[in-house]
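For reference, the structure discussed in these notes is given below.
The values are calculated or read from the model by the stated rules, or taken from the named source; none is laboratory data. Worth saying up front: this structure is predicted, and the values here are computed from it rather than measured. Glycine also receives a Cβ, built like all others from the backbone with ideal geometry; neighbour counts cover every protein chain displayed.
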Amino acid sequence: MFDKNIARSQYNPENGEYKLDAMPFAAYSPAYIVSNEDLRAAMTVLQPRGADVLTVAGSGDQPLFYKLYGANVVDTFDVSLCAKAMMDIKTAIIANKPREVYLNVLREFDKNSVVANTPAFRDIQAICPPDSRVFVQNMAGCKICRSGGLYTDSVPFASEYDILAKNVRRPFNFHWVGLDSLGGRLNQSYDQIYLSNILQYKCDFEYVFGVVNSLRPFLKSNGKIVLQVSAYFIGDELKVFNKLKDAVAGWARVNVMRGKAQDMCILQVR
């Protein structure tokens, strides 16, 4: 359960800094305003049309791009409630407001990461899911998002926005849980489980192997687990990915893909 006192205690009022702003992410860590991943490239590879998907909530762009590319069920998880708030704000705007409002909100949040203080949030809070609206209001004076880059490639184009407005009519189902405990919260199977770039912050082989195995029971036949890392983190991560090929050979094929900006590792059930 959300605890306002615990959440607000993570902030230092003397310097306005959030104690948990550094990696790894924690329960009230600020979310990215937009994803720094190449989600269009990932979706082109993953071809999720008609798929049932579980994805990190992240900046909210991960589930939105899955919906943009035709996924069926899209459930989300994240260790941070700020990620849920950002996801809910975005989906509420897309379902109810034109793209100009969406862009203005992102710009204002980029200038002022204390979201509750922005005119943009005050203008759209009435359409936000009640739990996320109350969360942001209770966190007034505290950062909800990380400013410093809008990564415009992760913002839906005008034509894409129209598609999303039709496909995203309600909040995504959300699990407030970290990756270590994710398997214990799930009760259905998925065609794709998208772990984004989470594991690049703890890319130890035994840990990654443990996570992958804990999620195996929740994959459908031919289901996929997707790991993605930035090109700036391609040393030890690629070693771990390549080691996974042998470790999971009994139940999955592993495809390590190299990209211009990011690399992906896809485990697919045999």
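Within the bounds of the range 146-158, is there any residue that is within 21 Å of Lys4 (Cβ to Cβ) and surrounded by fewer than 18 Cβ atoms within 10 Å (Cβ to Cβ)? Looking for residues that are within 21 Å of Lys4 (Cβ to Cβ) and surrounded by fewer than 18 Cβ atoms within 10 Å (Cβ to Cβ), one finds none in the range 146-158, hence no. Would you point out which residue out of Lys19, Lys84, Lys67 is at pLDDT below 95, in contact with a strand residue (DSSP E or B) (Cβ under 7 Å, 6 or more places away or on another chain) and basic (Lys, Arg)? After applying the criteria, what remains is Lys19.
When you scan the range 177-257 for strands (runs of 3 or more DSSP E) that lie fully inside it, which ones turn up with 2 or more residues that are at pLDDT 95 or above, of a type outside the set (Ser, Thr, Tyr) and crowded, with 16+ Cβ neighbours inside 10 Å?
Where strands (runs of 3 or more DSSP E) fall fully within the range 177-257 and carry at least 2 residues being at pLDDT 95 or above, of a type outside the set (Ser, Thr, Tyr) and crowded, with 16+ Cβ neighbours inside 10 Å, they are 190-194, 219-230.
Tell me whether the range 153-164 contains one or more residues that are assigned to a loop (DSSP other than H, G, I, E, B) and among the aliphatic types (A, V, I, L, M). Scanning the range 153-164 turns up at least one residue that is assigned to a loop (DSSP other than H, G, I, E, B) and among the aliphatic types (A, V, I, L, M). Of all residues in the range 49-64, which are in a loop (DSSP other than H, G, I, E, B), at pLDDT 95 or above and farther than 16 Å from Phe157 by Cα? Once the filter is applied, which keeps residues that are in a loop (DSSP other than H, G, I, E, B), at pLDDT 95 or above and farther than 16 Å from Phe157 by Cα, the range 49-64 yields Arg49, Gly50, Ala51, Asp52, Ala57.
May I ask you to verify whether Val101 is under 30 Å from Ala252 (Cα atoms), of a type in the set (A, V, I, L, M, F, W, C), out of contact with any Ser or Thr (no Cβ under 7 Å at 6 or more places or on another chain) and surrounded by fewer than 17 Cβ atoms within 10 Å (Cβ to Cβ)?
no
Checked against (1) assigned to a helix (DSSP H, G or I); (2) out of contact with any Ser or Thr (no Cβ under 7 Å at 6 or more places or on another chain); (3) in contact (Cβ under 8 Å) with a residue 60 or more places away in the chain; (4) among the charged types (D, E, K, R), Arg122 meets all criteria but (3). Please work out which residue is surrounded by the most Cβ atoms within 10 Å (Cβ to Cβ), limiting yourself to the range 31-54 and to residues that are among the β-branched types (Val, Ile, Thr) and closer than 24 Å to Ser113 by Cβ. Result: Ile33. Residue pairs whose Cβ atoms lie under 9 Å apart, separated by 6 or more positions or on different chains, with the first residue in the range 176-189 and in contact (Cβ under 8 Å) with a residue 60 or more places away in the chain and the second part of a helix (DSSP H, G or I) and among the basic types (Lys, Arg), are Trp176/Lys84; Trp176/Arg185; Val177/Arg185. If you check Val73, Val134, Val101, Val168 for being aliphatic (A, V, I, L, M) and free of Cβ contacts under 8 Å to residues at least 12 places away in the same chain, only one passes: Val134. Residues in the range 190-212 that are in contact (Cβ under 8 Å) with a residue 24 or more places away in the chain, at negative phi and not aliphatic (A, V, I, L, M): Tyr190, Asp191, Gln192, Tyr194, Asn197, Gln200, Tyr201, Lys202, Cys203, Asp204, Phe205, Phe209. Screening the candidates Lys67, Lys84 for the property of being crowded, with 24+ Cβ neighbours inside 10 Å, among the basic types (Lys, Arg) and at negative phi yields one hit, Lys84.
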